[in-house]
Each structure stands twice: as C-alpha cells, then as structure tokens.
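Peer 1: One structure, pasted below without further comment.
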Amino acid sequence: MIEALLLEGLIARAVQKKLLDVVVHDLRSFTTDRHRSVDDIPYGGGPGMVMKPEPFIRAVQHLRRHRGSPDAVILTSPQGKLLTHKEAVRLSGLEHVVLLCGRYEGVDERVYEEVATEELSIGDYVVTGGELPAMVIVDAVGRHLPGVIGDAASVESDSFVRSLLDWPHYTRPAKLGNHEVPEVLLSGNHLEIQRWRKRAALRRTLQRRPELLGGAQGMDDEEREVLQELQRNEEVRKAGA
Ligand code: 4GX
C-alpha cells in the first residue's frame, strides 16, 4: 500500500529527487515464531485481536541500530492527538521519523510505553489499518520540505497556515451556464481582489468551521472588522430581520 505512495505524485517525485527518503518495513520480518504472528487475543476477553508488542519493539530496535535514533516514533491511532497543519510543519523539521502502523482492535499498550514517542490520529473516524494514516502523515509532512512543492508561495498561502478555510477559486471560462466568475476577480484591481478573497475566506470559515476562528491568531484589524460585520449579518439573518 505504502509503496503506491512512491509510484506517483509529488511525494514520489520528491523521493526520486532525494528530498526525502521513505523506507517500508514488514512487521512480520520482526517475528520469531513459525507463523510470523503479529496479533493475539486480548487479555480480558472481548472481540477482535490485538497487535503483539515484540515485533514493533524489535522493529524500532533494528531501526535504531541501522539508521540511528529516530527523532519521533509515531503510532497512528484513533486515540492519538489530531494531525493538524501545525503538527505537520513540526514533523517536517525532524530528520528521522518512524511511523508504526497497526491493524485490528489495537496495539498492545506497551508499544506506546516502550518505543512510541507520540500517537497521532488523522481524524475522528476509523479506518481498517494504520497504513493509510501513515501515508497521509508522510504526504502532509513531506510537502513542507523545501523543493517538494515547486512553488513555495503556494505552500505559504495554504489554508490553515492562517487558520482559515480557503477562498473560492476560479479559472476560465468566465461564464459557465449561468454561473459567472465574480466580477471583481476579472477587474485586475489587486487590492479589491485581496479584500474580496479575505472576506470570502472569513465568511466560509464562519459558516462551515466557526471553531477555527478561535484559533485565528494574527488576524489583522481589517480581518477582525470583516469578521464582526459577517457575524452581525449572520445574527440579523438568524433573527429573520
Ligand atoms: N488515525 N486506525 C490504527 C489499529 C489501532 C487501534 C488502536 C492503534 C491503536 C486511525 C486514525 C485509525 C484504525 C489505524 C485502527 N492502532 N489511525 N488501527 N483515524 O482509524 O490514525
């Protein structure tokens, strides 16, 4: 699965350009029994299986010996801290990161106690294994490495860099059926365009993800003013006035 990430796309290209290195290890190669088991029944009973601790611990020991001590050992898990833009930027500053992927109901708690330095979740839903979350982490972190995205300005202008959703984007044609591109974007007036985009981003964030606005530090006076106006409008609308 993870090798698919290395076949196509910007992360694959970055690996080819040696901007980052991704190495996949098979947990089963760190087992010692005839069946190469990585799971077992849970102590205390209940449904499903639990990932055994030893293969994870041996895998990390192997990496420490062969690749040096990692700066972070991350277990992907729904119990983890939510992956955010800020976390992705932080991890992009680390030299060597190990991602541990589990399946089944969970991973023996001692993996966390013994080798994992943190637990990360990609969102409040459950997927069938840690591989996709690990791929999401590699992608979200890798794009912050210098040279991975050709246009550094596009990474800088990302939504979430400023804790806001993005404004709507348009390209040609200017008229599609009866959907027209907002006039101001065709005007060439960059100051007006900037104001329109800021306003649109704030409106969208207020409508769809109001909880993000609490974290919009570094809002400038104009943004605060626009936000107050949008909130006033919203209150008026709700009141049916
Ligand atoms: N964000 N899963 C991990 C097995 C598991 C369960 C408990 C450790 C502890 C997920 C997520 C996620 C499903 C991957 C359960 N491992 N991982 N797997 N959401 O849903 O990261």
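The values are calculated or read from the model by the stated rules, or taken from the named source; none is laboratory data. All values reported here derive from a predicted model rather than from experimental measurement. Cβ atoms come from the backbone with ideal geometry, glycine included; neighbour counts cover every protein chain shown.
Peer 1: Might you let me know whether the stretch 24-33 holds any residue that is touching a Phe, Trp or Tyr at 6+ places or on another chain (Cβ under 9 Å), within 16 Å of the ligand (Cβ to nearest atom), assigned to a loop (DSSP other than H, G, I, E, B) and not hydroxyl-bearing (Ser, Thr, Tyr)?
Peer 2: Scanning the stretch 24-33, I find no residue that is touching a Phe, Trp or Tyr at 6+ places or on another chain (Cβ under 9 Å), within 16 Å of the ligand (Cβ to nearest atom), assigned to a loop (DSSP other than H, G, I, E, B) and not hydroxyl-bearing (Ser, Thr, Tyr), so the answer is no.
Peer 1: Residue check: is ASP39 at pLDDT 95 or above and more than 16 Å from the ligand (Cβ to nearest atom)? It would help to see each step written out before you state the result.
Peer 2: Numbers: at pLDDT 95 or above: yes; more than 16 Å from the ligand (Cβ to nearest atom): no.
It is false that ASP39 is at pLDDT 95 or above and more than 16 Å from the ligand (Cβ to nearest atom).
Peer 1: Is there a residue in the stretch 194-213 that is in a loop (DSSP other than H, G, I, E, B), aliphatic (A, V, I, L, M) and more than 16 Å from the ligand (Cβ to nearest atom)? Walk me through how you get there before you give the answer.
Peer 2: Initially, the stretch 194-213 is screened for residues in a loop (DSSP other than H, G, I, E, B), giving 209.
After this cut, where a residue has to be aliphatic (A, V, I, L, M) as well, the list is none.
Scanning the stretch 194-213 turns up no residue that is in a loop (DSSP other than H, G, I, E, B), aliphatic (A, V, I, L, M) and more than 16 Å from the ligand (Cβ to nearest atom).
Peer 1: Hey, could you check the stretch 76-96 for residues that are within 15 Å of the ligand (Cβ to nearest atom) and small (Gly, Ala, Ser) and say which is farthest from GLU114 (Cα to Cα)?
Peer 2: Our first condition is that a residue be within 15 Å of the ligand (Cβ to nearest atom); within the stretch 76-96, this holds for 76-84, 87-88, 91.
Filter once more, keeping what is small (Gly, Ala, Ser): 77, 80, 88.
Numbers: SER77: 16, GLY80: 16, ALA88: 24 Å.
Going through the qualifying residues, I end up with ALA88.
Peer 1: Output the residues belonging to the stretch 80-112 that are exposed (fewer than 15 other Cβ atoms within 10 Å of the Cβ) and touching an Asp or Glu at 6+ places or on another chain (Cβ under 6 Å).
Peer 2: Scanning the stretch 80-112 gives LEU94, GLU95, HIS96.
Peer 1: Within the stretch 45-55, restricting attention to residues that are surrounded by 17 or more Cβ atoms within 10 Å (Cβ to Cβ) and hydrophobic (A, V, I, L, M, F, W, C), which residue is farthest from the ligand (Cβ to nearest atom)?
Peer 2: Looking at the filtered set, the residue picked out is VAL50.
Peer 1: Would you pick out the residues in the stretch 95-116 that are within 16 Å of the chain's Cα centre (by Cα) and either farther than 27 Å from PRO42 by Cβ or in a helix (DSSP H, G or I) (or both)?
Peer 2: The one that is within 16 Å of the chain's Cα centre (by Cα) and either farther than 27 Å from PRO42 by Cβ or in a helix (DSSP H, G or I) (or both): VAL97.
Peer 1: If you don't mind, there's one more thing I want to ask. Where the second residue is in a helix (DSSP H, G or I) and near the ligand (Cβ under 8 Å from one of its atoms) and the first is without any contact (Cβ under 8 Å) to a residue 12 or more places away in the chain and lies in the stretch 123-143, which pairs have Cβ atoms under 9 Å and are six or more apart or on separate chains?
Peer 2: Cβ pairs passing all conditions: VAL127/PRO133.
Peer 1: Sticking with this one: Has the stretch 56-75 got any residue that is over 26 Å from VAL155 (Cα atoms), surrounded by 13 or more Cβ atoms within 10 Å (Cβ to Cβ), touching a residue at least 24 places away in the same chain (Cβ under 8 Å) and within 8 Å of the ligand (Cβ to nearest atom)?
Peer 2: yes
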